[in-house]
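Novice: Have a look at this one before I ask anything.
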Amino acid sequence: MWNLLQIELFKIFKKPRTYLAFAVIAAFIFLIQLGLYVNGKDWMMFMLGSLDETMVVDYNKLVNGYAVCFFVLNLLLVHVPILVALVAGDVVSGEASMGTLRLLAAKPVSRTSIILSKYFATAVYVFALLIWIAVISLLVSLAVFGKNDLIVAKTSGLQLIESSDVLWRYFCAFAFAFIAMMVVAAISLLLSTLSDNSIGPIVATVGIIIVCTLVSEMEIPIYQKYIRPYLFTTYMLGWKGFFYIGSTADGETIKGSIEYLPGIIKSLVALLVYIVALVSSSVFIFRKKDILS
Amino acid sequence: MPAIIKVNNLSKKFKKINAVDGLSFTVQEGDVYGFLGQNGAGKSTTIRMLLTLVKPTAGDISIFGKNLFTHRGEILKDIGAIIEKPDLYKYLTAFENLALFAKISGIKAEKSFLMDHLKMVELDERAHDKVHTFSQGMKQRLGIAVALVHNPKLIILDEPTNGLDPQGIADMRTLILKLSRQMGKTILVSSHLLSEIELVANKMLIIHKGRKMIEGKVAELLDPSKSVVYIETLNDEKARQVIIESSWQRYLQPGAKGILLKMDKEQIPVLISYLSQLDIGILAVKPTHSLEDYFISLTTPNNYVESSAN
């Protein structure tokens, strides 16, 4: 298994396509950072509206590394699944279309270990992608914009998280995002085992994400009651929960707390169930599959 | 010689199509076993079943004396294969491809060992070039290196000359003979071209529509003192029955379409006379001499008669 995992990683990181995602992310984050560097204060004033009419606000301090990273994650984590699908959708079907799958499957390794090694290799790729996002969006933003308190908008209003209480929330958010992206990878893997060309699984994964996201977001009672609880997209944005800080009865925020931890745990469990179900299905299908490509 | 491959009553059905239908054959140690059939005859499906890529609908396969499905990993360690065209990772170099497959095969190969293998197939000078820059012949040679890197006892080559130029075909033939004679490998090689099998194999099996037509030693099938005769009568069913019930039965070729017999040339008029005496009208008698004729007559008897008549 370890041998296979090394081989799969070697193949993934030898493909030029793999680095496309890293380049796209870097370019995207750089554009946001540049925009906020030039017009960050205006943007923050626009976001906070008439807040300065009720209190003294130093907008320059609010546009800091943590805020920039939060803004980047809100925009970017919706699109990262496409980049994950680009690699994960290709792991089996790409080999089938290239004709190497039959060579691989005729070797003295079990089909289960082939699929699992491909999934674990994809996990390493997703992990590297998120580390890359973290480095560029968090570390570079902190270096450029400095460190200060983070202001977060909730439906109930705004809340300020002290600078010293922010970093661990990012670690947790990235860890959660990793699990969420692994669901996307698992969907792509499953579709990849069903197809003999790479484009189909990639497009289908993106299509599924778009449709599920739309259904999750629609404020239609029948969808919200009967469909939304079963969609993985309902749980994918659970990382935001780490930035909703708990508060006392009189409205004082509690440092180091999370407003609704059970909600995050529930989301994590749902995503893990999805991963187990999807990967098990992939293994089952691949073990039964006649390799004719 | 011990049996290396033993296939018993193997079948594979894809929906309503019988790709392979009750196929049985045995490949013995040291054989270069030609597996012959037209395109779509079921050769590749059979080979894929031997490599566990396709699951049989029925039948047994044992390789090296062990059941393939219960000892899969153990058996596949000793098999090297090229399945149709040798598709490799195009974005990797020849060396990287070879190293990768050596590793999957459980070989801890030194650089020099891999380079020796590339030298064997005359690719050492292109070792660090990406495969997408290679010609079909070079890819085929690299495929051979990949198939041999773990020193397998059994080599399975599915249409190894497909897409090769005449020089490439000649090189492949030389390589097969070298692997068999100098390295003692057992080889199963499939082709739709009889001329290829004729030149390299010592035994052969002809398959048509998934069924075995004939199996035997190539030298015997090519024996110039024997003729293979295709006989067309007014009532083939009756003629076949008469032959089966007589001493001529031993000359009848099993599985063949129509009435196909292999016998001494001198016996042909005697058989014709025998059938005539039983009021079986003879429409055509065509002795065939080359293996090519034999192959065509086995797989397409009607076409054969028509072309003979013309």
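Novice: How do A:10, B:25, B:69 line up, fewest other C-beta atoms within 10 Å first?
Specialist: B:69, A:10, B:25
Novice: Please report the antiparallel percentage of the DSSP beta bridges confined to the protein assembly as shown, to the nearest 5.
Specialist: Among the beta bridges of the protein assembly as shown, antiparallel pairing accounts for roughly 70 percent.
Novice: Please enumerate, by chain and number, the aspartates and glutamates with C-alpha under 16 Å from the C-alpha of residue B:15, excluding those fewer than 8 residues away in the same chain.
Specialist: A:290
Novice: A further question on this structure: Using a Gaussian network for chain B with springs between C-alpha atoms less than 10 Å apart, which of these wobbles most: B:24, B:112, B:180?
Specialist: B:112
Novice: Sticking with this structure for a sec: With a Cα-only, solvent-free Debye model of region B:3-218, what are the log10 I(q)/I(0) values at q = 0.08, 0.17 Å⁻¹?
Specialist: -0.27, -1.20
Novice: Sort B:142-149, B:187-194, A:31-38, B:71-78 for me by packing, meaning the mean count of neighbouring Cβ atoms within 10 Å per residue, highest on top.
Specialist: Packing proxy ranking, top to bottom: B:142-149, B:187-194, B:71-78, A:31-38.
Novice: Ok, one more. In nm, to one decimal, how far is the residue B:279 label point from the residue B:219 one, both placed 7 Å along Cα→Cβ?
Specialist: Result: 4.7 nm between the two label points.
Novice: Moving on to the next point. Considering every residue in B:75-83, what mean count of other chain Cβ atoms within 10 Å of its Cβ is obtained?
Specialist: Mean number of neighbouring Cβ atoms from other chains: 3.
Novice: Over 20 Å between Cα atoms: which of B:77/B:119; A:11/B:43; B:85/B:111; B:12/B:43; B:85/B:130; A:107/B:103 fall into that group?
Specialist: B:77/B:119; A:11/B:43; B:85/B:111
Novice: Shifting gears a bit: Just to confirm my numbers, what's the Cα centroid distance between region B:145-189 and region A:66-134 in Å?
Specialist: 36
Novice: What FRET efficiency do you get for residue A:210 and residue A:280 if R0 is 22 Å and r is their Cβ-Cβ distance, rounded to the nearest 0.05?
Specialist: 0.30
Novice: Within 10 Å of each Cβ in peptide A:198-207, how many partner chain Cβ atoms are there on average? Round it to a whole number, please.
Specialist: Average per residue, whole number: 0.
Novice: Could you work out how far helix B:136-148 tilts from the main Cα principal axis of chain B, as a 0 to 90 degree angle to the nearest 10?
Specialist: Tilt of helix B:136-148: around 80 degrees.
Novice: A further question on this structure: Straight-line reach from residue B:238: which aspartates and glutamates have a Cα under 19 Å away, not including same-chain ones fewer than 8 places off?
Specialist: Hits, sequence-local ones excluded: B:279.
Novice: Would you be so kind as to identify all helices of chain A, as entire DSSP H runs, whose Cα atoms reach 24 Å or more along the helix's own axis and whose mean Kyte-Doolittle hydropathy is at least 1.0?
Specialist: A:16-48, A:111-133, A:167-194, A:199-217, A:261-288
Novice: Tell me which lysines have Cα within less than 21 Å of residue A:255's Cα, excluding those fewer than 8 residues away on the same chain?
Specialist: Within the straight-line limit of under 21 Å, residue A:255 reaches these lysines: A:61, A:147, A:154, A:240.
Novice: So for chain A, averaging the separation of alpha carbon pairs under 8 Å that are six or more residues apart and normalising by length, what relative contact order in percent results?
Specialist: 24
Novice: Under the rule a/c < 1.5 gives rounded, and otherwise a/b versus b/c splits prolate from oblate, where does region A:170-229 land using the Cα gyration tensor?
Specialist: Because a/c hits 1.5 or more and a/b fails to exceed b/c, region A:170-229 counts as oblate.
Novice: In bins 10 Å wide, starting from 0, what share of all Cα pairs of the protein assembly as shown does each bin hold, as a percent?
Specialist: Result, from short to long distances: 3, 14, 19, 18, 14, 11, 9, 6, 4, 2, 1, 0, 0 percent.
Novice: Within 10 Å, count the other beta carbons around each residue, average over each peptide in B:126-132, B:150-156, and list them highest first.
Specialist: Packing proxy ranking, top to bottom: B:150-156, B:126-132.
Novice: Compute the FRET efficiency between residue A:39 and residue A:15 as 1/(1 + (r/R0)^6), taking r as their Cβ-Cβ distance and R0 = 41 Å, and round to the nearest 0.05.
Specialist: Approximately 0.65, to the nearest 0.05.
Novice: Can I ask one more? With N residues in region A:160-293, what two-decimal value do you get for its Cα radius of gyration over 2.2 N^0.38 Å?
Specialist: Taking N as the residue count of region A:160-293, the ratio is 1.30.
Novice: Return the percentage of antiparallel bridges among DSSP beta bridges fully within region B:3-218, rounded to the nearest 5 %.
Specialist: So the antiparallel bridges amount to about 55 percent of the total.
Novice: Along the principal axes of its C-alpha atoms, what lengths does region A:2-287 span, in descending order and rounded to whole Å?
Specialist: Principal-axis extents of the Cα atoms in region A:2-287, largest first: 71, 42, 30 Å.
Novice: If you don't mind, there's one more thing I want to ask. Evaluate peptide A:107-119: per residue, the Cβ atoms of other protein chains within 10 Å of its Cβ; return the mean as an integer.
Specialist: If you average over the peptide's residues, the count of other-chain Cβ atoms is 3.
Every number here is computed from the coordinates shown, using simple stated rules; none is lab data. As the structure is a prediction and not an experimental result, all values here were calculated from the model. Note that each Cβ is placed from the backbone with ideal geometry, even for glycine, and that neighbours are counted across all protein chains shown.
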